[in-house]
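Data first, discussion second: the structure below is written as structure tokens.
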Amino acid sequence: MVVPFASVLLVEDSLPYARLVELLLEAAMPGGVELDHHETLLDGLAALRERSVDCVLLDLGLPDARGLEAVAAMQNARPGVPIVVLSGRDDDELALAAIRAGAQDYVVKGRDQSPDGLLRAVRFAIERRRAQERSEDLLRANEDRWRTLTHLAPVGIVETGPDGRCVFANDWVSELMGRPRNELLGLGWLAAMHPEDRAAFDASWRGAAEGGGEFALEVRFVAPAGRERWAHVTAVMLRDPWGGPAGWLGTLVDVTPAREARDELRDLARTDPLTGLANRRLWDERLAFELPRAARSEQPLCVAALDLDRFKPYNDRFGHGAGDALLRELTAGWRAVLRASDLLSRLGGDEFAVLLPDCDVPGAQAIVARLQAAMPGRAEGVGCSVGLVRWEPGEDAGELLARADVALYAAKAAGRGGIALG
């Protein structure tokens, strides 16, 4: 079976001219041409939708079409197919209009016209189609390689349009966000971002679009089941041949383990290792936050300084191990007594402090009394003295804690185990 050199769709309502074209192509093309002839635009469109061809020869004088509207219809039926317009009018303006409408060439037909122009136009159209197919095959192969590489890459890769609508996301992005890839297309990937992080992300994105075309930040993504993952997002703007924005290419690296380790280290730096209570660093941070809040809200705030009575004799008698165990048991009991908003801190040795926001003096006295009553049964003589003060407007943290210490010394001087107000 001989395979034709090319396939051509001829849409021409003149049967004699259609026959002439057929003979010319058969004689000029090595291997022959598979010619599919139709007399109306409607039939030609149906044939083109059914299968592609190397070239379309399109008459502008069809009975069911008006001028160049036939060119647009053919393009919509099979985008990319070369179209050679056939016309009985030797009109440069019409020819230019046909080219602007998407035709590749314009050939004047008639008894006095040489067939060379038609044959050259068909050859050019067929070669263009061949080159286009080779380019498309190469592009598809490159895209397949690129997508294979991105799916194997140990990072998330996202490509979006200029408006942020996702056109591609690899498997790592799907894993990171806890959603199938088809749900991430369009704006689905942005919907997976933690609502509290969208403002910072949008600001970085706008800044990059108006400036250097690159941005990076860390944001959270939330899976449907509620799992949160932190990602370091880096994005660079893709540009079209004229330098305009064509989209964004981004990478996402899961930094959740690193952030968790960093948070753990931060907590260790702010926590007393023996009791698990807040240490002096966290105490100072929280007090620096609560004092301005109390000033704004005009709500009371109290601080209690606590010191264990007769703890050193207990430690000397039973050993440091027993003393440490007593501190752990004691502070666990104290935490059970306090409100969720209160902060219990170990400032050193057997010295503690309690921050009581939104609490007046009578309320603070009741809480402190419960702390004194929560001493472990095996404490054997160990008690607790307390100095209690209410914050005065304009007073800084150092002055407040100093007054609490003075009140504590007064409580211990009065016989231990008491509460002194400062």
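The values are calculated or read from the model by the stated rules, or taken from the named source; none is laboratory data. If you're wondering where the values come from, they're calculated on a predicted model, not measured in any experiment. Glycine also receives a Cβ, built like all others from the backbone with ideal geometry; neighbour counts cover every protein chain displayed. Keep in mind that these areas ignore ligands, DNA and RNA; they rest on the heavy atoms of the full protein, side chains included. Shrake-Rupley method; radii C 1.70, N 1.55, O 1.52, S 1.80 Å.
Assuming R0 = 22 Å, can you tell me the calculated FRET efficiency for the pair A413 and K312, based on Cβ-Cβ distance, to the nearest 0.05? All intermediate terms of the calculation are to be shown ahead of the outcome.
Details: r = 17 Å, r/R0 = 0.79.
After rounding to 0.05, the efficiency reads 0.80.
Just the projected area, averaged over all directions, of the convex hull on the alpha carbon atoms of the stretch 225-352: how many nm²?
14.2
Using alpha-carbon positions, what is the distance between the centroids of the stretch 46-101 and the stretch 386-422, in Å?
95
Consider just the alpha-carbon atoms of the stretch 162-218 and return their Rg together with their Dmax, both in angstrom.
Looking at the stretch 162-218, its Cα Rg and Dmax stand at 12.0, 33 Å.
In a shell of Cβ-Cβ distance under 10 Å around D59, excluding D59 itself, what net charge do Lys and Arg (+1) and Asp and Glu (-1) give?
Net charge in that neighbourhood comes out at -2.
In whole Å, how far is the Cα centre of the stretch 199-273 from that of the stretch 3-41?
59
Using all alpha carbons of the chain, what is the percent of pairwise distances in each 10 Å bin, ordered from the shortest bin to the longest?
With 10 Å bins starting at 0, P(r) equals 4, 15, 14, 10, 13, 11, 7, 5, 6, 8, 5, 2, 0.
Along its principal axes, what span do the Cα atoms of the stretch 357-417 show, with the longest given first and each in whole Å?
Result for the stretch 357-417: principal-axis Cα extents of 43, 24, 16 Å.
At q = 0.14, 0.17, 0.32 Å⁻¹, what base-10 log of I(q)/I(0) does the Debye formula yield for the stretch 206-254 when every alpha carbon is treated as an equal point scatterer in vacuo?
-0.45, -0.59, -1.13
Ordering E395, E175, E351 by accessible area with a probe of 1.4 Å, largest first, what comes out?
If we order E395, E175, E351 from most to least accessible, we get E175, E351, E395.
Tell me, Kirkwood radius of the stretch 238-286 from alpha-carbon pair distances, in Å?
In the stretch 238-286 this quantity evaluates to 14.5 Å.
Taking loop as defined by DSSP and a crowding limit of 15 other beta carbons within 10 Å, which trypsin sites (Lys or Arg not before Pro) in the stretch 225-305 fit?
Here the trypsin sites (Lys or Arg not before Pro) that fit, given the DSSP loop and packing criteria, are R227.
Given q = 0.23 Å⁻¹, what are the Debye log10 I(q)/I(0) values for the stretch 309-422, with equal point scatterers placed on the Cα positions and solvent ignored?
At q = 0.23 Å⁻¹ the computed log10 ratios are -1.47.
What is the pair-distance distribution P(r) of the stretch 174-252, computed from all Cα-Cα distances in 10 Å bins starting at 0, with each bin given as a whole percent?
18, 48, 27, 6, 0
Angle between the Cα long axis of helix 41-50 and the longest principal axis of the chain, 0 to 90 degrees, nearest 10?
50
Could you look at the stretch 265-422 and say what percent of its accessible area is carbon and sulfur, using a 1.4 Å probe and all protein chains? Don't jump to the answer; show the numbers that get you there.
Working: 4130 of 7600 Å².
That share works out to 54 percent.
Can you give the Rg and Dmax of the stretch 55-109 based on its C-alpha atoms, in angstrom?
Answer for the stretch 55-109, Rg first and Dmax second: 10.0, 27 Å.
Protein chains only, probe 1.4 Å: how do D91, D171 rank by accessible area, largest first? Kindly include the intermediate steps, with their values, before the conclusion.
On the way: D91 45, D171 75 Å².
Reading off the accessible areas and sorting them downward yields D171, D91.
With +1 on each Lys and Arg Cβ and -1 on each Asp and Glu Cβ, and nothing else charged, work out how big the dipole of the stretch 270-422 is about its Cα centre, in Debye to the nearest 20.
It works out to roughly 400 debye.
For the chain, find the longest principal axis of its Cα atoms and tell me its angle to the long axis of helix 256-269, 0 to 90°, nearest 10.
That helix lies at roughly 20 degrees to the long axis.
Taking the full set of protein chains and a 1.4 angstrom probe, give the accessible area of S52 in square angstrom, rounded to the nearest 10.
The accessible area comes out at roughly 40 Å².
With +1 on each Lys and Arg Cβ and -1 on each Asp and Glu Cβ, and nothing else charged, work out how big the dipole of the chain is about its Cα centre, in Debye to the nearest 20.
It comes to approximately 1760 debye.
Principal axis lengths of the stretch 1-91 from Cα atoms, whole Å, largest first?
39, 27, 21
Along the charge dipole of the chain, which of V11, P115, F168 sits closest to the positive end, that is, farthest toward it, with unit charges on the beta carbon of Lys, Arg, Asp and Glu (+1, +1, -1, -1)?
Going by the charge dipole, the pick is F168.
I'd like the Kirkwood hydrodynamic radius of the stretch 267-334, using the inverse of the mean 1/r over distinct C-alpha pairs, in Å.
Values: mean 1/r = 0.0698 Å⁻¹.
Roughly 14.3 Å, rounded to one decimal.
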